[in-house]
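The structure under discussion appears below in the form of structure tokens.
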Amino acid sequence: FRAGTPARRGAVLVAGTGAVAAVVDGDAVVRRAGGHGWLVGDEGSAVWLGIRGVRAVLHALDGRGPATSLTTAFVEAIGIDADADPETLARALVDHVYAHPPADLGRLARPVVDACAAGDAVASELVRDAAVELTGTLAAVVDHTISVVVLAGSLLTDAAPLADLVRSEVRRRWRETTITTTRSGAPGAVALAIELHTGAPPNETVLASLRSAGNTDRPPA
């Protein structure tokens, strides 16, 4: 939150590997929603999106769901033999999923978002669902007294069209709220250090400069 704004009160929505929303007042988090981990929460996160992408591909391979370009995208991302039959592809995908930590599924969110941008119907539905989940998590903590919302995490800074959908919905629901973004919490750490040293938080111009410096040459997560 402090990386995104000099305001003392507002909300932050983070969506990367996990997903969480919080209201910050002064130096304290006073309300929080989400962030419960991949198995029972983190709705709309990269892992959540990756899991649903895997399910969609498995459904396509065994005939329970429509064909999707995610099949080819996941085969390429994981390194499976693309010429294998559907049953072999499905088994290889399942084996890969269970052979890695759950957090690794987060890297499959990018192919889902990219397929959505390319017009794939299955991926587009998944991305829309993720946007609904994320804005719902934010709505659980935000009221109309909140004047600023900070969006953070790779899905909300580097993953159009998902980021665009979330931003658009935030604008629709909270019309008077200022939206800012930050790719890293590091500028917030510097801002806190400046405040500790000087007794006052840096203004928006200084904070924007810190964010710009922190974002230089940083690849998407």
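The values are calculated or read from the model by the stated rules, or taken from the named source; none is laboratory data. Since this is a predicted model, take the numbers as computed values, not measurements. For neighbour counting, all protein chains shown are included, and Cβ atoms are generated from backbone atoms with ideal geometry for every residue, glycine included. Just so you know, the surface numbers come from the protein's heavy atoms only, side chains and all, with ligands and any DNA or RNA stripped out. Shrake-Rupley method; radii C 1.70, N 1.55, O 1.52, S 1.80 Å.
Please find, among D164, D158, D143, the residue that is out of contact with any strand residue (DSSP E or B) (no Cβ under 8 Å at 6 or more places or on another chain) and either basic (K, R) or touching a residue at least 40 places away in the same chain (Cβ under 8 Å) (or both).
Criteria check complete, one pass: D158.
Filter the range 121-141 down to the residues that are buried (at least 23 other Cβ atoms within 10 Å of the Cβ), out of contact with any helix residue (DSSP H, G or I) (no Cβ under 6 Å at 6 or more places or on another chain) and not hydroxyl-bearing (S, T, Y) and list them by number.
Across the range 121-141, the qualifying residue is only L138.
Being free of Cβ contacts under 8 Å to residues at least 40 places away in the same chain and of a type outside the set (A, V, I, L, M, F, W, C) narrows it down to one of E204, E176, so name that one.
Testing whether each residue is free of Cβ contacts under 8 Å to residues at least 40 places away in the same chain and of a type outside the set (A, V, I, L, M, F, W, C) leaves just E176.
Working only within the range 13-28, note down all residues that are open to solvent by less than 20 Å² (accessible area, probe 1.4 Å) and within 16 Å of the chain's Cα centre (by Cα).
Answer for the range 13-28, where residues must be open to solvent by less than 20 Å² (accessible area, probe 1.4 Å) and within 16 Å of the chain's Cα centre (by Cα): L13, A15, G16, A19, A21, A22.
If I ask for residues that are modelled with pLDDT under 85, open to solvent by less than 70 Å² (accessible area, probe 1.4 Å) and hydroxyl-bearing (S, T, Y), which ones from the range 167-199 would you list?
Once the filter is applied, which keeps residues that are modelled with pLDDT under 85, open to solvent by less than 70 Å² (accessible area, probe 1.4 Å) and hydroxyl-bearing (S, T, Y), the range 167-199 yields only S184.
From the list R31, R9, R52, which residue is within 18 Å of R128 (Cβ to Cβ) and open to solvent by 30 Å² or more (accessible area, probe 1.4 Å)?
Of the residues listed, the single one that is within 18 Å of R128 (Cβ to Cβ) and open to solvent by 30 Å² or more (accessible area, probe 1.4 Å) is R52.
Looking at V170, V166, V149, which one is in contact with a helix residue (DSSP H, G or I) (Cβ under 8 Å, 6 or more places away or on another chain), closer than 14 Å to V14 by Cα and in a strand (DSSP E or B)?
V149
Quick test of your reading of the structure: R218 fulfils all but one of (1) surrounded by 15 or more Cβ atoms within 10 Å (Cβ to Cβ); (2) at pLDDT below 80; (3) in a loop (DSSP other than H, G, I, E, B). Name the failing condition by number.
(1)
With A159, A90, A84 as the choices, which residue is part of a loop (DSSP other than H, G, I, E, B) and open to solvent by 10 Å² or more (accessible area, probe 1.4 Å)?
It is A84.
Being closer than 22 Å to V190 by Cβ and either free of Cβ contacts under 8 Å to residues at least 12 places away in the same chain or touching a Phe, Trp or Tyr at 6+ places or on another chain (Cβ under 6 Å) (or both): is that true of V14 here?
Considered against the rule, which asks whether it is closer than 22 Å to V190 by Cβ and either free of Cβ contacts under 8 Å to residues at least 12 places away in the same chain or touching a Phe, Trp or Tyr at 6+ places or on another chain (Cβ under 6 Å) (or both), V14 comes out as no.
Looking at this structure, is G106 open to solvent by less than 30 Å² (accessible area, probe 1.4 Å), under 24 Å from W38 (Cβ atoms), modelled with pLDDT under 95 and not in a strand (DSSP E or B)?
When the stated conditions are applied, G106 passes them.
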